[in-house]
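Structure first, commentary second.
The values are calculated or read from the model by the stated rules, or taken from the named source; none is laboratory data. Here the structure is a predicted model, which is why all the values come from computation and not from measurement. Here the Cβ positions follow ideal geometry from the backbone for every residue, glycine too, while neighbour counts run over all protein chains shown. Side chains included, ligands, DNA and RNA excluded: accessible areas come from the protein's heavy atoms. Shrake-Rupley method; radii C 1.70, N 1.55, O 1.52, S 1.80 Å.
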Amino acid sequence: MTPPAARGPAKRAARPRATPPPLGDATALSAGVPLGKNGPWHPPLGLGLWSVGRWEPADEVRTRAAIGRAFERGLRWFDTAEVYGSGRSERLLGDALAAKPPAPPPFVVTKVSWEHLRPNQVRAALTGSLQRLGRRSVDLFLVHAPDPRVPIAETMPALEALWKEGRVGAIGVSNFGLAELEAAREALQEAPLAVNQIRYNLFDRDDATPIRDFCRRHGILLEAYTPLLRGLLAGRYLDGARAPPEVRRFTHRLLDDESLPGVLARARRIRDVAKEAGVPMAAVALHWLREQGAAPLFGASSPEQVDAIVDAFTGPPPSSEVLARADRIALGDPDA
Ligand SMILES: NC(=O)c1ccc[n+]([C@@H]2O[C@H](COP(=O)([O-])OP(=O)(O)OC[C@H]3O[C@@H](n4cnc5c(N)ncnc54)[C@H](OP(=O)(O)O)[C@@H]3O)[C@@H](O)[C@H]2O)c1
């Protein structure tokens with residue numbers, strides 16, 4: 001992963017310092033990047049807590065268990081948002097952090113809703129998020145998605161003010177295209193635009209590639225959500241089981257009736273390539289993203305899924321030949 005470049009020295013109160021992983025700890029989970037020159041350390045693999053919103057209260061038990069297992073396995077990056085479960089996701093994470101503070105300390109990311117992008121709303125949104133999370137600051141604060149009704153030139157200075165106050169360690173955006181990224185950068189005076197979080201995986205990349213290139217050029221870390229294509233790139237649905245409607249809705253066209261047969265055929269070939277190479281299929285999906293310079297942000301609804309994905313990420317990585325083959329197969333090359 002290419003470390004984001006700094007955009008000049010920032011002057012502000014109580015700037016969180018970049019904390020590199022402890023010396024001697026060479027595990028894959030510690031090998032992150034600093035955000036900006038003196039920003040916080042960004043871990044390489046994250047657990048997202050979006051799905052909390054769709055679960056029944058009974059499912060919270062296994063969600064808590066998944067978060068607990070993530071703590072035990074050394075995952076540090078936890079992603080949530082004020083809109084996830086209307087605050088339930090932040091509350092759940094806050095409770096888990098309070099009950100058993102993980103070591104090393106977590107890297108907590110939350111997002112202000114696209115419905116709250118006026119400056120006073122941004123400030124109020126962060127206050128609400130911090131209350132639910134039980135924290136005085138978060139490591140990274142993102143604009144969840146642009147709102148065409150609110151110029152981003154209004155929103156970003158509000159985030160920058162919170163950064164100057166030390167209430168957020170770094171600032172970024174999510175679901176921003178090229179023109180929106182340009183506008184967001186231009187609206188900042190001192191704080192670097194540290195992150196753009198987008199949907200990005202082996203199959204879902206047409207729109208992501210130019211964004212990836214822009215982010216590389218400007219030292220913006222790309223966080224990749226839906227890295228497993230809702231489990232498909234961890235081997236799920238490959239044997240004919242149909243993804244539930246909700247999953248299909250969130251994977252857009254890829255799992256609809258028209259596209260699914262082609263996607264499954266390519267995914268099965270990637271599974272076979274991974275098997276031949278002796279690595280889990282998820283390892284190919286995650287390390288392919290790392291090769292693009294992106295940090296994968298996965299979801300899990302059980303401790304077993306956390307284990308499987310952490311094992312895939314920290315185990316022997318697939319060779320560059322295997323990743324290149326998977327890349328070509330995903331693009332539809334019949335000879336790969
Ligand atoms: N910024 C945004 O607009 C935005 C949008 C979407 C997501 N996100 C963030 O990104 C995170 C991850 O997104 P995502 O959930 O779409 O990512 P994903 O990693 O592609 O999908 C996660 C789902 O894959 C399945 N899965 C996980 N491990 C598995 C395994 N070992 N074997 C088989 N299936 C497995 C689980 O499905 P089941 O739960 O059904 O078992 C899990 O919920 C979210 O939680 C959220 O924090 C951000």
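Quote the relative contact order of region 218-336 in percent (integer), defining contacts as alpha-carbon pairs under 8 Å separated by 6+ residues.
Rounded, it is 34 percent for region 218-336.
Would you mind computing, in nm to one decimal, how far apart the modelled labels at D333 and H218 are, each placed 7 Å from Cα along Cα→Cβ?
Label at D333, label at H218, 3.1 nm between them.
Over its Cα atoms, what ratio of radius of gyration to 2.2 N^0.38 Å does the chain give?
Scaled against compact globular proteins, the figure is 0.96.
Ordering D206, D335 by accessible area with a probe of 1.4 Å, largest first, what comes out?
Largest accessible area first, the list is D335, D206.
How many Å³ per residue does the convex hull of the Cα positions in region 101-145 occupy?
Taking only Cα atoms, region 101-145 has a hull volume of 67 Å³ per residue.
Using a Gaussian network model of the chain whose springs link C-alpha atoms within less than 10 Å, name the residue from A285, A161, A294 with the highest mean-square fluctuation.
The residue that fluctuates most here is A161.
Binning at 10 angstrom from zero up to the longest distance, how are the C-alpha pair distances of region 200-336 distributed in percent?
Answer for region 200-336: a P(r) of 12, 44, 36, 7, 0 percent.
Could you tell me the relative contact order of the chain? Use alpha-carbon pairs under 8 Å, at least six residues apart, and round to a whole percent.
Relative contact order, the chain: 19 percent.
By how many degrees, between 0 and 90 and to the nearest 10, does the Cα long axis of helix 281-291 differ from the longest principal axis of the chain?
Its long axis makes an angle of about 50 degrees.
Of all alpha-carbon pairs in region 31-115, indicate the percentage at a distance above 14 angstrom.
63
Counting residues in region 140-218 as N, plug N into 2.2 N^0.38 Å and put the Cα Rg over that result.
Ratio of Rg to 2.2 N^0.38 Å for region 140-218: 1.09.
Where does region 61-152 land on Rg/Rh, using Cα atoms and the Kirkwood Rh?
Result for region 61-152 is an Rg/Rh of 1.01.
Top to bottom by accessible area (1.4 Å), largest first, where do D311, D79, D256 land?
Result, largest first: D311, D256, D79.
Tell me the Rg and the Dmax, in Å, that the Cα atoms of region 286-334 produce.
Answer for region 286-334, Rg first and Dmax second: 12.5, 37 Å.
Given labels modelled 7 Å from the Cα in the Cβ direction, how far is it in nm from E72 to E321?
Output for this residue pair reads 3.8 nm.
Checking the a/c ratio against 1.5 first, then a/b against b/c, what shape does the Cα gyration tensor give for region 114-263?
prolate
May I ask you to work out the translational diffusion coefficient for region 227-308 at 37 °C, viscosity 0.692 mPa s, via Stokes-Einstein with Rh from the Kirkwood sum over Cα pairs, reported in whole µm²/s?
This corresponds to a translational diffusion coefficient of 246 µm²/s.
Points 7 angstrom from Cα along the Cβ direction at A124 and T209: gap in nanometres?
4.4
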